[in-house]
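Right, one structure below, let's go through it.
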Amino acid sequence: MSTDVMVASATLDIEKIRKDFPILERKVYGKPLVYFDNGATAQKPWAVIKGIEDYYTQLNSNVHRGVHHLSQQATDAYEASRRKIQAFLNAKHEHEVIYTKGTTDAINLVAYSYGKQFVKAGDTVIISAMEHHSNIVPWQIMCEDRGAQLKVIPINDKGELQMDAFAQLLHDRVKLISVAYVSNTLGTINPVKEIIELAHQYKIPVFLDAAQAVQHIPIDVQELDVDFLVFSGHKIYGPTGIGILYGKEALLNQMPPYQGGGSMIKQVTFEKTTYHDLPFRFEAGTPNIEACINLGTAIDYVTNIGLPAIQQYEHELLEYLTEQLLAIDKLRIIGTAAEKSGVVSFIVEGVHPYDVGVLLDKLGIAVRTGHHCTQPLMEFFGIPGTVRVSLAFYNTKAEIDQLAAGITRAVNMLT
Ligand code: PMP
């Protein structure tokens, strides 16, 4: 860890940061809210909330359509936000940044469009055993449609990809590899650089589901040399209904439109339509304008605090959380990879995860229980579900103490 990062972390003022998130002041069942469901969706800072209000009180109008002042201002803000996202990811071109409804929408876009252009009968697409349903089902649908096969990189008992087995799966009929950068259930940080380097030796493009990564780990798409990368706005303190598809220009330019409609065309006649250039070719219809603009606001907010400092602080929280949980009798952590981000899943021997979640809820503590949209992963571990604690930089060690006390109480009551 560089000294710069250590210094930055030491200067994170968590109490001040918490004041930026008004919802953290509310009570649940008369108790202060303790929010540990950040993997499902993160809370929003005032900057984003006010940004949405400002949009509707000052700017509301359609983008790329009107000659009038408001429409021009809204369009400027919409495109300025795209440039913020470009800078955040270090994409080479702003037209490589495409607004979508979210991670799921972006994966479906690529599965449909890339699949139509590049995947033929007998080809293979590779995913991993720890994927979210969003990064399984669209590829399954596409493979079925194209007559291709879906292969799965296996994992070990710690929840790490088996890289030797991965290497064995590579051959020249593999048309795409799609893996999570960070597992939403296990917190595993996958060795994405290594995956990309290996895949590129076979000229196979790599698609990263960064839904659980962008808010925790600094990402440079050019340095990674990743071909596609997607994430959701709502998990990085931004609005819902907005996500990003980053794709290399050369690939996106070869891909057919996913949806037809307004904004994505150059010329329409009843005989033939010609399509707009990137990024608009993939942005049919009126977008979620206030969300596109305020994803930029959220990214400014995160960038101002500094992702390296956030990463350092969240890592400290993760270590503390893991320690506290391991001290609880009958509790087993699911997902013990060497490289982890701020997610801890666990089960308590003899207790259903749902019952733990309900008891914690009564104490004002929000966690997620269930299969976390990773049913094949639950099957691998032979469990119905887990309790998942997912961290954000506004969480504190004091909240982790409350959580540990709550779980201990639940274990004593239920076993
Ligand atoms: N992939 C991963 C790893 C996720 O954690 C999630 C959200 N839980 C998704 C995809 C889907 O994201 P969204 O629901 O925002 O489209």
Using a Förster distance of 25 angstrom, determine the FRET efficiency expected from the C-beta separation of Glu15 and Ala405, and round it to 0.05.
0.75
Could you order the peptides 366-373, 349-356 from most to least packed, using the average number of other C-beta atoms within 10 Å per residue?
366-373, 349-356
List residues of region 218-244, by number, whose backbone nitrogen lies under 19 Å from a label position 7 Å along Cα→C-beta of Arg26.
234-241
How far is it, in nm, from the label point at Asp164 to the one at Val268 when both lie 7 Å from their Cα along the line to the Cβ?
5.7
Rounded to the nearest Å, the spacing of the alpha-carbon centers of region 57-131 and region 197-248 is 12
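So what's the convex hull volume per residue for the Cα atoms of the chain, in Å³? Intermediate results must be reported in sequence, preceding the final value.
Working: hull volume 61.4 nm³, N = 415.
Roughly 148 Å³ of hull volume per residue.
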I'd like the orientation of helix 353-362 relative to the chain: the angle between its Cα long axis and the longest Cα principal axis, in ° from 0 to 90, rounded to 10.
80
Under 5 Å, built H, 5+ apart or other chain: amide partners of Leu176
Ile126
Given backbone amide H placed at 1.01 Å from N, residues whose amide H is under 5 Å from that of Ile334, ignoring those fewer than 5 places away on the same chain, are Ser345, Phe346, Ile347
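Take peptides 130-142, 292-304 and line them up by average Cβ neighbours within 10 Å, highest first, as a rough protection proxy. Present the calculation step by step, with values, prior to reporting the outcome.
Numbers: 130-142: 20.8, 292-304: 22.4.
Output ranking for 130-142, 292-304: 292-304, 130-142.
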I'd like to compare 168-176, 331-339, 390-398: which one has the highest average count of other Cβ atoms within 10 Å, and what's the full order after that?
390-398, 331-339, 168-176
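If you restrict to DSSP beta bridges whose two residues both lie in region 49-304, what percentage is antiparallel, to the nearest 5? Working shown, then result.
Working: 14 of 29 bridges.
Among the beta bridges of region 49-304, antiparallel pairing accounts for roughly 50 percent.
If I take R0 = 51 Å and measure r between the Cβ atoms of Val358 and Gln254 in this structure, what FRET efficiency does the formula 1/(1 + (r/R0)^6) give, to the nearest 0.05? Mind dumping the intermediate values first?
Values: r = 50 Å, r/R0 = 0.98.
With R0 = 51 Å, the Cβ-Cβ based efficiency is 0.50.
All of the numbers you see were taken from the coordinates with simple rules; none came from a lab. From a predicted model like this one, the values you see are computed outputs, not experimental measurements. Reconstructed Cβ throughout: ideal geometry from the backbone, glycine too, with neighbour counts over all protein chains shown.
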